[in-house]
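Colleague: My structure is below; once you've seen it, I'll send some questions.
The values are calculated or read from the model by the stated rules, or taken from the named source; none is laboratory data. Being a predicted model, the structure only gives us computed values, none of them experimental. Please note: Cβ atoms are built from the backbone with ideal geometry, for glycine as well, and neighbour counts cover all protein chains shown.
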Amino acid sequence: AASGRIYAAYGGIYIFTALMWLRFVDQVGLTRWDILGGLIVLCGAGLIILQPQGLIR
């Protein structure tokens, strides 16, 4: 179970980092949908990473 949470959090951070790489390194303009998707993914990864330990079963 712990490995699944780690994998999900890593995936979210990877997607967000890839979008930032496109924007600042490759100089590709992001659409509002790219930004919204990146924020949703980052929020999801944050929920997985920062969840209270008492809620994990």
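Colleague: Only one residue in 29, 54 is outside any helix (DSSP H, G or I) and surrounded by fewer than 10 Cβ atoms within 10 Å (Cβ to Cβ), so which one is that?
Modeller: The match here is 29.
Colleague: If I filter the stretch 16-26 down to residues being part of a helix (DSSP H, G or I) and at pLDDT 90 or above, which single residue comes out as nearest to the chain's Cα centre (by Cα)?
Modeller: Looking at the filtered set, the residue picked out is 17.
Colleague: Does the stretch 27-57 hold any residues that are over 11 Å from the mean Cα position of the chain (by Cα), modelled with pLDDT of 90 or more and of a type in the set (A, V, I, L, M, F, W, C), and which are they?
Modeller: Within the stretch 27-57, 28, 30, 33, 35, 36 qualify.
Colleague: Can you name the residue in the stretch 10-26 that is touching a residue at least 12 places away in the same chain (Cβ under 8 Å) and of a type in the set (Val, Ile, Thr) and is also surrounded by the fewest Cβ atoms within 10 Å (Cβ to Cβ) among such residues?
Modeller: Only one residue tops the list, namely 13.
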